[in-house]
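**Student:** Could you have a look at this structure, given as structure tokens, before my questions?
The values are calculated or read from the model by the stated rules, or taken from the named source; none is laboratory data. In this text, all values refer to a predicted model and were calculated from it rather than measured experimentally. Cβ sites come from the backbone with ideal geometry, for glycine too, and all protein chains shown count toward neighbours. When the accessible area is computed, the model is the full protein with side chains, heavy atoms only, and any ligands, DNA or RNA have been set aside. Shrake-Rupley method; radii C 1.70, N 1.55, O 1.52, S 1.80 Å.
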Amino acid sequence: MHEESFYFNFIKPSPIREVFNRISKDKSIINLTLGEPDFDTSKHIVYAAIEALKKGETHYTTSYGIYELREAISKRYERLYNANFDPEEICVSHGSSSGIFTTLFSILKPEDEVVIINPYYVMYPSYVRIFRAKPVFVNSTFENKFKPDIAEIEEALTNKTKAVIVISPNNPTGGIYSERWFKAISDLSQDGHFFVLHDEVYESLAFEKHYSISQWADNNEHLISMSSCSKTYAMTGWRIGWVATHNPLLDTIKIAQNYVNLSLNSFAQYGAIAALNGSQKTVETMKNAYKQRVNYTYKRLKDMGFIINEPEGAFYLFPSVKNVAKSCVDLTYALLNIAKVGVIPGSAFGSAGVNHFRISCATSMELLEEGMNRIEENLDKIMKACSVKNLSRIDFI
Ligand SMILES: Cc1ncc(COP(=O)(O)O)c(C=O)c1O
């Protein structure tokens with residue numbers, strides 16, 4: 001780190017990337033670490049982008065997205081959630097990541113508080129700290145399926161609370177928040193004058209009904225929906241996301257977006273229009289494939305004795321290490337070095353994840369099957385290695 005990188009003091013490198021970088025050097029490892037769809041982007045989306053390139057759509061666009069794309073996003077909100085965002089109430093971003101960043105940039109000042117449910121998507125606390133604001137963690141537990149009661153959120157609110165972040169379907173836990181929960185947090189935000197930021201990048205991967213905060217937004221300017229094409233359309237590399245809200249704050253987000261990105265990728269936006277307006281058949285196909293993989297992996301792990309919540313959405317499982325190891329880091333090392341299977345220790349997602357590990361099922365059934373076979377065949381060895389007092393990880397490397 002360069003000593004003059006003042007803001008770097010507020011962020012930590014993603015532990016997921018660190019684990020991934022180590023694993024990706026060894027091809028014999030079955031890598032179940034990353035949330036990267038293994039499907040290719042559908043052809044009709046690719047062709048739309050190629051067509052745009054051929055037509056010369058290779059110049060700067062607005063920093064908040066071309067009108068046709070914002071219109072397509074607006075229509076999708078109406079189609080899926082009966083939510084009425086005017087295209088002007090939508091800001092396209094460079095993946096949801098830059099939308100999350102510019103939204104927090106637009107609402108936070110130093111000392112503000114942001115409620116984050118622990119375990120969390122690793123980027124959030126760092127995003128909040130960059131703006132010298134304070135993440136306030138509400139711990140969730142395996143027993144409540146990692147979804148704290150609204151009363152627990154209420155307890156964390158103070159007169160400094162600027163926002164509550166909810167991720168549903170959730171990374172890393174795979175949980176989905178209920179209609180009742182969303183209604184309650186929406187009511188609370190109106191009374192308490194804080195924002196609710198719903199990160200719904202896994203919205204198409206709900207195995208039960210997905211509720212979007214946008215469903216309550218018509219009468220509540222405190223609600224902000226953030227999503228992207230990344231997981232829904234297997235378009236992680238295209239970098240198209242968005243923020244939608246009725247709050248006039250959106251104008252500030254658009255200006256912030258101008259400073260951060262100047263323009264968005266022109267031809268990727270045309271691909272995104274084709275994705276949003278075109279056939280949604282592949283979205284359904286991918287969801288069913290993920291569901292099958294997640295259910296399969298869930299069953300295999302449960303049969304091996306892992307304690308694990310039933311999958312509800314996204315492509316993650318978040319099993320407990322309890323029956324197998326004393327620490328999630330020990331187990332991760334043992335899985336990696338004995339079974340040659342890469343997973344992420346739950347501690348990477350916050351203190352409430354410390355007795356768990358995350359498996360990503362965004363990979364083929366064959367690899368998942370092989371991964372589960374390797375864990376099963378080596379389970380005794382793994383448990384024995386993890387039972388050693390003062391286990392030295394050097395033993396494994
Ligand atoms: C919960 C969550 N939010 C946001 C993102 C960022 O996605 P993107 O910037 O590709 O839209 C991810 C990526 O994995 C995620 O898991």
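**Student:** Taking the range 366-390, which residues are closer than 18 Å to residue 327 by Cβ and either of a type in the set (A, V, I, L, M, F, W, C) or open to solvent by less than 20 Å² (accessible area, probe 1.4 Å) (or both)?
**Tutor:** Residues satisfying the conditions are 375, 379, 382, 383, 385, 386, 388.
**Student:** Which one of these is in the same structural domain as residue 233 (by TED's automatic domain parsing) and touching a Ser or Thr at 6+ places or on another chain (Cβ under 7 Å): 65, 95, 56?
**Tutor:** 95 is the lone residue from the list that is in the same structural domain as residue 233 (by TED's automatic domain parsing) and touching a Ser or Thr at 6+ places or on another chain (Cβ under 7 Å).
**Student:** Select, from 322, 287, 254, 326, the only residue that is under 20 Å from residue 363 (Cα atoms), open to solvent by 10 Å² or more (accessible area, probe 1.4 Å) and not aliphatic (A, V, I, L, M).
**Tutor:** That would be 287, the only listed residue that is under 20 Å from residue 363 (Cα atoms), open to solvent by 10 Å² or more (accessible area, probe 1.4 Å) and not aliphatic (A, V, I, L, M).
**Student:** Right, next: Would you check if there is a residue in the range 268-290 being at pLDDT 95 or above and closer than 22 Å to residue 189 by Cβ?
**Tutor:** No, there is no match, as no residue in the range 268-290 is at pLDDT 95 or above and closer than 22 Å to residue 189 by Cβ.
**Student:** Let me ask something else about it. Given the criteria within 16 Å of the ligand (Cβ to nearest atom) and within 21 Å of residue 196 (Cα to Cα), does residue 106 qualify?
**Tutor:** no
**Student:** Restricting attention to the range 236-251, which residues are polar (S, T, N, Q) and either within 16 Å of the ligand (Cβ to nearest atom) or open to solvent by 10 Å² or more (accessible area, probe 1.4 Å) (or both)?
**Tutor:** Across the range 236-251, the qualifying residues are 236, 247.
**Student:** Looking at 133, 163, 156, can you tell me which residue is under 17 Å from residue 222 (Cα atoms), of a type in the set (Gly, Ala, Ser) and in contact with a strand residue (DSSP E or B) (Cβ under 8 Å, 6 or more places away or on another chain)?
**Tutor:** 163
**Student:** On to the next question. When the residues of the range 195-235 are narrowed to those that are without any contact (Cβ under 8 Å) to a residue 40 or more places away in the chain and open to solvent by less than 10 Å² (accessible area, probe 1.4 Å), which ends up farthest from the ligand (Cβ to nearest atom)?
**Tutor:** Applying the filter and picking the extreme gives 220.
**Student:** Next question. Quick one: in the range 171-194, of everything that is part of a loop (DSSP other than H, G, I, E, B) and open to solvent by 30 Å² or more (accessible area, probe 1.4 Å), which residue is modelled with the highest pLDDT?
**Tutor:** 178
**Student:** Can you find a residue that is open to solvent by less than 40 Å² (accessible area, probe 1.4 Å), closer than 21 Å to residue 345 by Cβ and aliphatic (A, V, I, L, M) anywhere in the range 139-161?
**Tutor:** No, because not a single residue in the range 139-161 is open to solvent by less than 40 Å² (accessible area, probe 1.4 Å), closer than 21 Å to residue 345 by Cβ and aliphatic (A, V, I, L, M).
**Student:** Kindly evaluate residue 276 against the criterion of being open to solvent by less than 10 Å² (accessible area, probe 1.4 Å), closer than 30 Å to residue 60 by Cα, out of contact with any His (no Cβ under 9 Å at 6 or more places or on another chain) and of a type in the set (A, V, I, L, M, F, W, C).
**Tutor:** Yes: the conditions hold for residue 276.
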